[in-house]
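The values are calculated or read from the model by the stated rules, or taken from the named source; none is laboratory data. What you are looking at is a predicted structure, and each value in this text was computed from that prediction instead of being measured. Note that each Cβ is placed from the backbone with ideal geometry, even for glycine, and that neighbours are counted across all protein chains shown.
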Amino acid sequence: MNSKAHTIKLALNLRSKRVLGEWTNHGYEKNNDSDELARNVFNSVRNIFSDISRDFMANLSELIRSGEIDNAFSFFKDSISLLQFLSKNDYFLIKSFSKLLSGEQLKEICIYIVALSSEFNLIDDLDEDVETCLRLKDDSMEELIEMSLYIEKSRILFERGSFNASFIVLQDIIKKTKFNSILGFAFRNLARLSIHEKDFENYTLKAIDHFLISGLKHDAVSMIMLMLERIQGKDNHEALALINKAIELQSSDSSLDKDRTAALYQKKGSILIDLEKYEDAKEPVITACSLRRGLIGGEMELHASLIKLEFIYRDLKDDVAADKIKEEYMSLESHIDEPEFFIARDVAEYLREGDEVSRSNLSSMINEGSPVNIKFGYAMAKYLNEELTFTTKVELLDQALKYSREMKDYHMTSLIFQQMAEEYHKNEYVSIAIEKLYESLSSNKSNKIAFQNIITLLLQEKRLEEASCLLKQKIEEVGQFPNITYIYAKVRFELKDYKLAYKLFKQVRNGASSENIKHIDDYIMKCIENIDELVSEETVSEQIVNTDIILDDISKSLDDFCASVSSHSRMLYWNKCDDGYKWASKPETIAKHALIMFFSARFSSGTIELIQEPRAGAGFIDIYLVTNNGIKVVIELKMCGNGYSSNYALSGESQILHYLESRKINVGFLVVFDSRTRDFSKGIQYFKSIDNYSIFSKVVDVRSILEK
C-alpha cells in the first residue's frame, strides 16, 4: 500500500485571531484533489482554537457554579497560556470571576485581566482593571509591569479625549524608566498625540529606535507604516524609502510573516504605480503574489495582489500575462465564501474601470436592504470615480455622511466633513469650507489633517483670533509640542501680543527641536523691540521633548565618519614600502581611536558614553555605545583586503550577533575598512536581520590605490 506524506503548518495572529496555513505535499505533484484536502484539513484544525477556549471556559464556569473558587483560581493560573484564545464574551465571565477572589489572589492575576480588556479595546473595563492592578501594587511588582500599566493609562486618557492628561502620564513614564520596549510604546503614544508633522516625525523615529533596540521588529515596522500613511501621496520618493526600510526589517519565516511581507511588497508596488513607474512596480507585486500563493486562509489578500498585478500588466501592454493573472484570480474566487467579498469586488471594479456595465451590476445588487458599509462604499465609489458637478459631489458626500453616522463611525464622519470642506474650498466657498472643518473636528478632534487645514484657511483669511483660540485649545489638549507652539507664537506676534509671543518663542528655542525651526532669533529680537521690558520665561505648559539621540543620528554619524576617513585620512592606515603600501601597525586600533575621537566631537558632553573593548561572553566588543536616553548599540571594526580576507571582515557579523546575545541588546553596526581594489564593498550587506537582531554595515574606502 502506497502512503503519501503531507505537512500542514498553522500560524495564529493572537490579536486578530486570524489563522493562516501552509500545505506541503511530500513526494508527489500537487493537484486539485490535494488542494481540496488541504482546505478541509485546514478548516478542521482551525476549529481547534475555538474548541480550546470553549473547553477552558466550560471547566472554569463549572468550578465557579459549584462554589469551588479556590480550585477555579488554581485552574485559571494553570491555564494562563490559553487566555490568548478567548473571546470578548469570555472576558466578561472572567471579570465577574475576579470579583469573587481575595485581594492576594486578584493581585496574582489582575495583569492578565488587563491584557484581555486591552486586547478587546473595552476602555471602561480597561480603566477599572488598570486601577485595580495599581491599587494592589506592592514592592513585588516589577517595574516593567508597572510601566506597562501606565502605558495603558495613557491610552485610556487618549481614547477619552483627555489628551493633556495622557501627555503628562507619558512624560512621567519617560522620566522614570529605561526599558526600551516601554519607551517605544511611550513615544508611539506621543506620536499619536502630535498635531504638527515635525513633532510626529520626531516621536515616531524615537519609537522605531526603541522598538528595534528591544527586538520588537513588528512594532518598529508598524511605526514605519504609520509614517508612510502621513506622506504617501505627498512625497512618494520618501514613501518609497520608508517602505524599503520596512521590508528590510520584516522577516518571512512563518505564514503570518509571509502575509505581512507580502502586504509590504504590495504597498511598494502601489507607491511605484503612483510614481508612474509601472515596470519597477511589477517585481514587488509579483513577489507579493508569490508569498501569498499557498497560504490557506489568505485567499482574499492573494486576490487583491493578483488584481493589482493584472492592472500593471495591462498598463505595460502585456495582455497575455494580464489574461493569465485574471484567469488565476477568477479561479481563486471559488475558494472564497465571504458574501460581502463579491459586492466589495464589484465596488473595486467600478472604482478601477468606472464603466456602465460595472455601474449597472452594482445598481442592481445594492438597495436599501444592503449592508450600510456596502452602501457607503458604493456612494464613495461614485463620488471618486465619476466626472460630476459640484452639486452632485456634495449630494453623494451627504449620502456617505448619512451612512457613516448609521455605522456610528465618527472617524469616517470626520473624514467626510473634511472632504466636503475640500470641495467647497475648490469652488471658492471658503467660509463654508471652514464651517465644514469645524464640523469635522467636532466629530473627531484628533483629525490632524482637518486641524491643519482649518488653521491654514483661517490664517489665509486673516481670521487670526480664531486661529489663536484653536491653537491655544489644541496646546491645552495635547501639550506644548515645539512646532505647534511656534505657529501659535507667530499668530500672537501678528496680533501684536509681543509679550506672550516672546515667551513662546523663547520656550521653543530652548526645546530640542528648535534647530529645525528657522528665524526664531529674528522674531525674538522683534518682540524685544516692541515691549518695554523683558518678561520672565515662564512656561505656558511643560514640555516633554528631550535632547535625545536617535538611532538614525548614530547611523548618519557613522556615514559621515566613513566619508571623512575616505576623503581626508585614509593614508593613516598605510605605510609606504618598496613595492607599494602595506597596512600600518594595528590598523584596527587606529580606526577605533579615530572613531572615538569623531563621536566625541560630534556629540555633546554627557549625551553618549563610549566603552572600549568590554567583555561580552567569551569575546570583546570593539566599542559599546550608550546614549543618555537609553539607546545601546555595539560597533565592531574590521579591516578587509591586502591580507585581511573578506571572510575575516564578514566574521564581524557573527561576532556582533554573539555580543548582542550576551549583552541582551538588539542593534549592532559593522564598520568595514575596505582596501580591495577590484572587489571593493563586494559581499557586504547594508542590512541583515537575524531573529530580533538588526545588524547595519558601513564601508570605509581605504584603498591605497584608486582605479582611475
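Suppose the filter is surrounded by fewer than 19 Cβ atoms within 10 Å (Cβ to Cβ) and touching a helix residue (DSSP H, G or I) at 6+ places or on another chain (Cβ under 9 Å); does Lys267 pass it? Before the answer, list the steps.
Details: surrounded by fewer than 19 Cβ atoms within 10 Å (Cβ to Cβ): no; touching a helix residue (DSSP H, G or I) at 6+ places or on another chain (Cβ under 9 Å): yes.
For Lys267, the condition - surrounded by fewer than 19 Cβ atoms within 10 Å (Cβ to Cβ) and touching a helix residue (DSSP H, G or I) at 6+ places or on another chain (Cβ under 9 Å) - is not met.
Do we find that Gly606 is on the phi > 0 side of the Ramachandran plot, loosely packed, with under 14 Cβ neighbours inside 10 Å, at pLDDT below 85 and not in a strand (DSSP E or B) in this structure?
So Gly606 passes the test.
Looking at Tyr429, Tyr410, which one is modelled with pLDDT under 80, of a type outside the set (Gly, Ala, Ser) and under 22 Å from Ile454 (Cα atoms)?
Result: Tyr410 is the single residue among Tyr429, Tyr410 that is modelled with pLDDT under 80, of a type outside the set (Gly, Ala, Ser) and under 22 Å from Ile454 (Cα atoms).
Please pick out the residue among Leu93, Leu122, Leu126 that is within 27 Å of Asn59 (Cβ to Cβ), out of contact with any strand residue (DSSP E or B) (no Cβ under 8 Å at 6 or more places or on another chain) and at pLDDT 90 or above. Quick ask: steps written out before the conclusion?
On the way: Leu93 fails: at pLDDT 90 or above; Leu122 fails: at pLDDT 90 or above.
After ruling out the rest, the residue left standing is Leu126.
Read through the list (1) surrounded by fewer than 17 Cβ atoms within 10 Å (Cβ to Cβ); (2) over 20 Å from Lys277 (Cβ atoms), then give the number of the only condition that Leu302 fails.
(1)
Scan region 205-227 and tell me whether some residue there is more than 26 Å from Ser154 (Cα to Cα) and in contact with a Ser or Thr (Cβ under 9 Å, 6 or more places away or on another chain).
Among the residues of region 205-227, not one is more than 26 Å from Ser154 (Cα to Cα) and in contact with a Ser or Thr (Cβ under 9 Å, 6 or more places away or on another chain), which makes the answer no.
Working carefully through the options Ile273, Ile286, Ile231, find the one that is β-branched (Val, Ile, Thr) and either under 21 Å from Phe696 (Cα atoms) or at pLDDT below 85 (or both).
Working: Ile273 fails: either under 21 Å from Phe696 (Cα atoms) or at pLDDT below 85 (or both); Ile286 fails: either under 21 Å from Phe696 (Cα atoms) or at pLDDT below 85 (or both).
The conditions single out Ile231.
Name the helices (runs of 4 or more DSSP H) wholly inside region 134-220 in which the number of residues that are touching an Asp or Glu at 6+ places or on another chain (Cβ under 6 Å) and at pLDDT below 85 is 2 or more.
The helices (runs of 4 or more DSSP H) meeting that bar are 163-176.
Taking region 99-133, which residues are assigned to a loop (DSSP other than H, G, I, E, B) and loosely packed, with under 14 Cβ neighbours inside 10 Å? Full working, then the answer.
If we filter region 99-133 for residues that are assigned to a loop (DSSP other than H, G, I, E, B), which is where we start, we get 99-102, 120-122.
Once the filter is applied, which keeps residues that are assigned to a loop (DSSP other than H, G, I, E, B) and loosely packed, with under 14 Cβ neighbours inside 10 Å, region 99-133 yields Lys99, Leu100, Ser102, Asn121.
When the residues of region 66-90 are filtered to those that are of a type in the set (Phe, Trp, Tyr) and more than 24 Å from Lys137 (Cβ to Cβ), which remaining residue is modelled with the highest pLDDT?
Applying the first criterion (of a type in the set (Phe, Trp, Tyr)) to region 66-90 yields 73, 75-76, 85.
From what is left, the residues that are more than 24 Å from Lys137 (Cβ to Cβ) are 75, 85.
Details: Phe75: 89, Phe85: 72.
Ranking the candidates gives Phe75 first.
What pairs can you find where one residue is in region 297-322 and outside any helix (DSSP H, G or I), the other is at pLDDT below 85, and their Cβ atoms are less than 7 Å apart, with a gap of 6+ or different chains?
Between residues of region 297-322 that are outside any helix (DSSP H, G or I) and residues that are at pLDDT below 85, the close pairs are Gly297/Val19; Gly297/Leu20; Gly297/Gly21; Gly297/Phe42; Gly298/Leu20; Gly298/Asp259; Gly298/Arg292.
Cβ contacts < 7 Å: first residue in a loop (DSSP other than H, G, I, E, B), restricted to region 469-488; second residue aromatic (Phe, Trp, Tyr), any location; separation 6+ or different chain. Result?
Pairs found: Gly479/Phe167.
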